[in-house]
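To start, the structure under review is shown below, and the notes come after it.
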Amino acid sequence: MAGMVEIPHLALMIAAALALGAGVREKPGFAAMRANFLMWRGLWRQRARWPAPMTGAFWLAPALSLASVLLAAALTPSFTTALPGAALASLPLLAGLLGLSALAPGLALLEGGTTAGGLALGWRLGFGVLATPILFLVLWSLAQLAGGVLVGGISAEIAAGAPLVPRLLGLLALAALARCAPEPLPCPDHGGRARAAFLAAAALRRVVLCSLIADLFFPAGLAGAEVAGWGIGILAWAIKAGAVALAGSALSRARPAARRPSPTLLSPELGAAWALALGAALSAAFARGAA
Amino acid sequence: MLVPGVMATLVLLLALGLIAGLVGGAAALLLAAPRRWLGRFLWLAPLGAAVLGGLVCGAGTGGRAVLTLPLGLPGYGAVLTIDGLAGFFLMASGVALAAVLRLAPPARPAAAALLAGFYASLLAADGFTLIIALAATLIALWRLVAAGRGVVLAGIAGLGALLLALARLAPLFPDGAPDAAFSAMRAAPQAGARGAAIVALALLGAGLIALPLLWPARLGRRVAHEAALIVALLVPSGLYLVLRFSGDLAALGAAPGQDVIIVVGGAALMLGGAREALLATTLGRIAAAVGVALFGEAILACGVAALARGADLTDAAQAAASAALLLVFLASLAPVLLLLVAAVLRAEAGTEALARLGGLAPRLPFTAASALAGASALAALPPGPGFAAMALMLGTLWHLPRIGGGAGAFGAALLVALLGAGLALGVFAMLRFLGLGFLGPPRTPRASAATESDRPTCWVLGGLAGLLALAGVAPGLILWLAGPALAVLLPAAAAVSGGLRPGWLAWLAPTLLAGLLAALVALMQRLRGDRADAARPETAWQGGYGPPPRWLPFGDPATLMDPACFTASWRCAERPLGAALARLARRPRAAWRAGCAAWWAG
């Protein structure tokens, strides 16, 4: 039975990602269902483009990006925590798989070998160096509250009532990070199904991230192994993940346009995210010490 | 089936025979006639040592046989044994040394003496033998690579620091003479400030001995094979000394303050190495910096294990010590592999400079795959070997705030943040190295005409890369082999659970995940539909620039990616921080104002 749960879970995740599809291509947000359908159909039928000097890494990048985020989606709980891979769904592994998926388009940019690609990739990787400690601190504060790094365990512990301050500070740190984060890597010079794979990976990554934030910070409604609770779980997941996605979209839209081509990676929002993440980690440590 | 005690004695005698053979080989290499022949087969000695180490680790017979030789100080013979820790280092270092000696056999007596001294230092079970064997190793290395005066002086100072640490560790006989046997030192562990001083001295000694390794700018300028020999020898030597002194002789986590010293030292090396790997522009320097970063990561994991052990968190200590041993394996192999790749590129593409490489993946596929395996040791992404070690360590860190109250919580948070920064720097550096070195269009005529290296070189690179890939896909195997070494570091935990071998999850999970990932990638490649030859050929999008003119067949340099453009934004981010730190030392108030201004101006 546990193995069968994976099918509706993955189907829901993929359906949500396909519904988000055109929003990833154009700008953060949601697009009409018909526009989505037309885009996926067009990309599926389109003939691939084959830029002259490209090699295997160029073709491998979309497959690697989509495969790693599919694995992450299979491990991240959506409406139930009773997934077959629950024993493997640890925060370091999910962070690693999502990071691999986000970096795979970089392989195609590197294969292009242009100055613009190098600058774009260097900008995002440099931001990643400054942002990874913030993510680690937030995840670490949650692991302390729950006494482990497994997503299911953290959700259960927080649902049972964990201190509010570290969770709130962690959420605010992630919000500050979302506001100053650069846009995802530009979709490289692919066409046809390879391009569809890139877009699907970006959309699925967003769905997995929203589901993960919903699981870790708002675990209410998350079902267990009992089939009876799945309906409510699906509804709760749709509401929570949708709200997180809307909030993330609003935050990235609220980003000042003048800051985008800024020559430096540092920003006041990043400083605020650092301070909030440190606060979340310390308050979680003290809350655990008091307990 | 041999009785474990008999087998341990046999293995020890074989190792002793290997050392004696190497000493004899060094003497024979003085003669001109057998020099070429002996030099050509010298690589078999470290390979044999690796097999012996693997036998000790696999069979778990470490430390069961002790041999006292009629050599050494008056009335005090040299004591030799192969415990789990020595066996693991024999195995990890043997493979890397064999690879280097196979590709560039130095037919000189110093090479055999170097190996003999190194293996004697791993087998030593008393302080005198350890120091004498280390001195012999260092003298041979200095002779072999023509070390400068500074390195020699640092090595002598390092040996002095280790002697001081041993003098503080050694209990006294009734007549007042120190008992230099390791077994006596273990029986009388040092606590308090004395224990912390011992660890500080041991770290200082290991750092001074490994000084050529910790200077990537200078190491990167050496001939790649020579640099690979230095790294293959000094990384395991330095890590062995740190683990033997802080983890075994001074009892891991026994003295307060010991763990903080190790953690601070490891974190500084990890961050410094990863940053150097990111900003360096030649492959040799990047490989040397990877060695420093992995060296630091292993020491950091050892420090985390000491923190956890000091607080009686047995599971966390075991996981962190396992991560440290896995990182020892990676640090022994990955930088050597990258330096050998650098040697291949210098021979085939004529340069190691990233700005003059590019486009080598289709021309040197075997070398590119080897470079990918080496880079994945530092870039901690699944399913690479670095990820397994980092996941083990990250799984233990949430225990740490239980230690030390408020200051402990702040220190642990800082450690987590630094670890995150170090991992991200490693990923950034390795992606830059692979992208600029092997992907993209070739930037010079020589790079465009490069061809794959000869078959023996490919075999050696493939062997090292295969072992690294195995550590990523099946880290359970390496952790299983590291079990006896883990028992040396955590004897109490080993006694309770009857040995420290990994659980089923460590065996199954990484293999399963790697298999699933590979299957999904293969499926998607199949679903892609368009075969490359059926696709629509086009010129690549040049980032908004027009096509290059015909007299620039390798592209317009102004539109091509180069090492500096890749790290431009990172350098801009570093500048305000560096300026603020520099001014902080001179004028604290002005520094604060300038730092704030630079931050907000961004």
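Here are some notes:
- Dipole check for the range B:267-396: with +1 at the C-beta of Lys and Arg, -1 at the C-beta of Asp and Glu, and the Cα centre as origin, the magnitude is about 360 Debye.
- For the range B:271-405: relative contact order, % (alpha-carbon pairs under 8 angstrom, 6 or more apart): 28
- Considering only A:Val151, B:Leu490, A:Leu125, the residue lying farthest towards the positive end of the dipole of the protein assembly as shown is A:Leu125, judged by Cα position with unit charges set on Cβ.
- Inter-chain Cβ neighbour average for residues A:148-156, partner chain, 10 Å: 1
- Candidates B:Leu339, A:Gly42, B:Gly395 compared by Cα position along the dipole of the protein assembly as shown: farthest toward the positive end lies A:Gly42, with charges placed on Cβ.
- Look at B:Met91, B:Met7 and count the other Cβ atoms within 10 Å of each Cβ; fewest to most, that gives B:Met7, B:Met91.
- The 3J(HN,Hα) values that the Karplus relation (6.51, -1.76, 1.60; θ = phi - 60°) gives for the range A:112-121 are, in residue order, x, x, 9, 4, 4, x, x, 5, 4, 5 Hz. Gly and Pro appear as x.
- Residues whose amide H falls under 5 Å from that of B:Ala380, counting only those 5 or more places apart or on a different chain, are B:Val427, with hydrogens built in the peptide plane.
- Residue-wise HN-Hα couplings along the range B:229-236, as the Karplus relation 6.51 cos²θ - 1.76 cosθ + 1.60 with θ = phi - 60° gives them from phi, are 5, 4, 5, 4, 8, 7, 5, x Hz; Gly and Pro carry x.
- Placing unit charges on each Cβ (+1 for Lys and Arg, -1 for Asp and Glu) gives the range B:72-220 a dipole about its Cα centre, and among B:Ala146, B:Ala96, B:Gly220 the Cα reaching farthest toward its positive end belongs to B:Gly220.
- Relative packing of B:333-344, B:547-558, A:118-129, B:438-449, which averages over residues the other C-beta atoms within 10 Å, highest first: B:333-344, A:118-129, B:438-449, B:547-558
- Cα gyration tensor shape for the protein assembly as shown, rounded if a/c is under 1.5, else prolate or oblate: prolate
- Cβ crowding within 10 Å ranks A:Glu6, A:Glu226, B:Glu226, B:Glu297 as A:Glu226, A:Glu6, B:Glu226, B:Glu297, fewest other Cβ atoms first.
- Each residue of the range B:566-571 is assigned a 3J(HN,Hα), and the resulting list reads 5, 9, 4, 5, 5, 5 Hz, derived from the Karplus form 6.51 cos²θ - 1.76 cosθ + 1.60 (θ = phi - 60°), x at Gly and Pro.
- Where only DSSP H runs of four or more residues are counted, chain B gives -23000 deg cm²/dmol as its mean residue ellipticity at 222 nm, each run worth -39500 (n - 2.57).
- Which of B:Cys302, B:Cys57, A:Cys180, B:Cys596 has the fewest Cβ neighbours within 10 Å, and the rest in rising order: B:Cys596, A:Cys180, B:Cys57, B:Cys302
- Each Lys and Arg adds +1 at its Cβ and each Asp and Glu adds -1 at its Cβ; summed about the Cα centre, chain B shows a dipole of about 1380 debye.
- Averaged over the residues of peptide A:276-287, the number of Cβ atoms from other protein chains lying within 10 Å of each residue's Cβ is 4.
- Close amide H contacts of B:Ala181 (hydrogens built in the peptide plane, cut-off under 5 Å, sequence separation of 5 or more or a different chain): B:Gly127.
- Remark: mean inter-chain Cβ contacts per residue of A:196-208 equal 1, using a 10 Å Cβ-Cβ cutoff to other protein chain atoms.
- Unit charges on C-beta of K, R, D, E only; dipole of the range A:36-178, Debye: 480
Quick note: the coordinates plus some simple rules give every number you see, no bench work behind them. It should be emphasised that the depicted structure is a prediction, and the values quoted were computed from it without experimental measurement. In this analysis, Cβ positions are derived from the backbone assuming ideal geometry, glycine residues included, and neighbour counts consider all displayed protein chains.
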